[in-house]
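The values are calculated or read from the model by the stated rules, or taken from the named source; none is laboratory data. Predicted, not measured: the structure shown is a model, and the values here were computed from it. Because the Cβ atoms are built from the backbone with ideal geometry, glycine has one as well, and the counts that use them run over all protein chains shown.
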Amino acid sequence: MLDPLDVISSLENVFPTLQPIYSADAQTIVGYEVFNCFKQDETKYALDAFFLDDTIPTEYRFDASMEIGKKALHVMEVHNFSGFFVFKNTIDVLLHDDYEAFTQLVDDSSFIQFDQIIIEIQEPDLQSNFEKVEHLLNYLKTYGYRLSISQVGIRGGQLDRLTQIQPNTMKLDLPLLRQQLSTEALRDMLYTITLHARKIGAALAFEKIEQEHQLQEAWRYGGRYYQGSLLGDKLNSIVTEDLTKLFLQEALGRFTIQERKRLETVQDWSDKFSDKLRNIVSKPVNLEALDNEIFQLAQHFTKEAFRFYACNEVGFQLSSNIEKEEGVWILKEEYKSRNWSWRPYFLTQILRMNREKTGMVSDFYSDIETGEWIRTFAFPLGQSTFLFIDLTYEYLYEHDYLLLSSFA
């Protein structure tokens, strides 16, 4: 057990270790995360607990952080490293001097640029101290520092607050999230985070990647940066020969081939689903008896769907909802005349169906009624009328290639 007093009294023994970070686009090392360590009697200790222990006076943790920062910057200079270094910070240490001492170190360097330094803060720490640190983070970004928020999604963080500080990177810890969430809940969260990252222009980073299936999951959800023992352990210095580049290139190539095959399978399924509808739907569809036509149609899709309805090309619902409750199809007339043009991708789907004259399946989205993530198959009925079929989760599960949206 490491005594914090040993660290405080022997700052010369604190030092950084570096874990390589790979990018999907370059398939090579583009940066390193700095881990805080301490050496005592030939034993190396991680200092994570030391820096998170708020019973240790902030100035002591600040001094240790500065010493490690100096040594890490020295490594960058000695190796003329042109990539980035990620420095983890707690809010109280960051606020101790508003990062002025570290900023002076970077400013004094003739080689290191501010945009090579990424300031990383854990999202739970950020959320509980947001008002204290928001202005400082935005101020530091004016120097050129980049900002990373780690442990995104842990404890159900508020993603809207990230919009206010516009981080450059959002980092996810897949093993930790998987411990906390069911498979379905994890997929929902990853999808939501991916959407939000795109919205604010943040790159996604995935840490603690230990197995290839975790790397594939990170790639599938749009991860740009990867790190973990699968790709490289923590080192005392910068790697001079990148032995993982070939492995990463081959892995991403396999993932791409597998995903292409899955998308081809989805397209084949979509074509067959459209053919089934064409063989059943009357031509032309009787708009005067639209509820009855859709009700009769629903009888052929008891296993596949739980809701049918039809809209015109500007989003107004022309039919009732035909919904399955306890295995029985019922009409809900109160949904007539509602407008769904505001839903994501609605107009895009309408334009594509008008042009391609065939059906298409949506990405996953949150159902207004149930709050569950679902997929909808849309099909042109003619006469500027479009049928929407909400697919059951059981059906998606049986056809597991549909459980992953084209987005992910």
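Within segment 302-329, the residues that satisfy the criterion of being hydrophobic (A, V, I, L, M, F, W, C) and either touching a strand residue (DSSP E or B) at 6+ places or on another chain (Cβ under 7 Å) or in a loop (DSSP other than H, G, I, E, B) (or both) are A305, F306, F308, A310, C311, V314, F316, L318, I322, W329.
Which ones in segment 211-230 are assigned to a loop (DSSP other than H, G, I, E, B) and out of contact with any helix residue (DSSP H, G or I) (no Cβ under 7 Å at 6 or more places or on another chain)? I'd like the intermediate steps shown before the answer.
Step one: list which residues in segment 211-230 are assigned to a loop (DSSP other than H, G, I, E, B), which gives 211, 221-222, 227-230.
Within segment 211-230, Q211, Q227, G228, S229 meet the criteria.
The number of residues in segment 330-359 being in contact (Cβ under 8 Å) with a residue 60 or more places away in the chain and either touching a strand residue (DSSP E or B) at 6+ places or on another chain (Cβ under 6 Å) or not assigned by TED's automatic domain parsing to the domain that holds A298 (or both) comes to 1. Is it true that some residue in segment 319-327 is over 21 Å from N279 (Cα atoms), surrounded by 13 or more Cβ atoms within 10 Å (Cβ to Cβ) and charged (D, E, K, R)? So far as segment 319-327 goes, yes, one or more of its residues are over 21 Å from N279 (Cα atoms), surrounded by 13 or more Cβ atoms within 10 Å (Cβ to Cβ) and charged (D, E, K, R).
May I ask you to say which residue of V7, V34 is crowded, with 18+ Cβ neighbours inside 10 Å, at pLDDT below 95 and touching a strand residue (DSSP E or B) at 6+ places or on another chain (Cβ under 8 Å)? Lay out the reasoning, then the answer.
Working: V34 fails: at pLDDT below 95.
Of V7, V34, the one residue that is crowded, with 18+ Cβ neighbours inside 10 Å, at pLDDT below 95 and touching a strand residue (DSSP E or B) at 6+ places or on another chain (Cβ under 8 Å) is V7.
Here is the figure for segment 359-401: residues that are of a type outside the set (V, I, T) and part of a strand (DSSP E or B) total 15.
Whenever a residue of segment 45-65 is in the same structural domain as N89 (by TED's automatic domain parsing), its partners that are among the small types (G, A, S) and modelled with pLDDT of 95 or more, lying with C-beta atoms within less than 8 angstrom and at least six residues away or across chains, give the pairs L47/A64; F50/A64; F51/A64; F51/S65. Restricting the search to helices (runs of 4 or more DSSP H) fully inside segment 71-136 and requiring at least 1 residues that are buried (at least 16 other Cβ atoms within 10 Å of the Cβ) and within 28 Å of the chain's Cα centre (by Cα) gives 91-96, 123-128.
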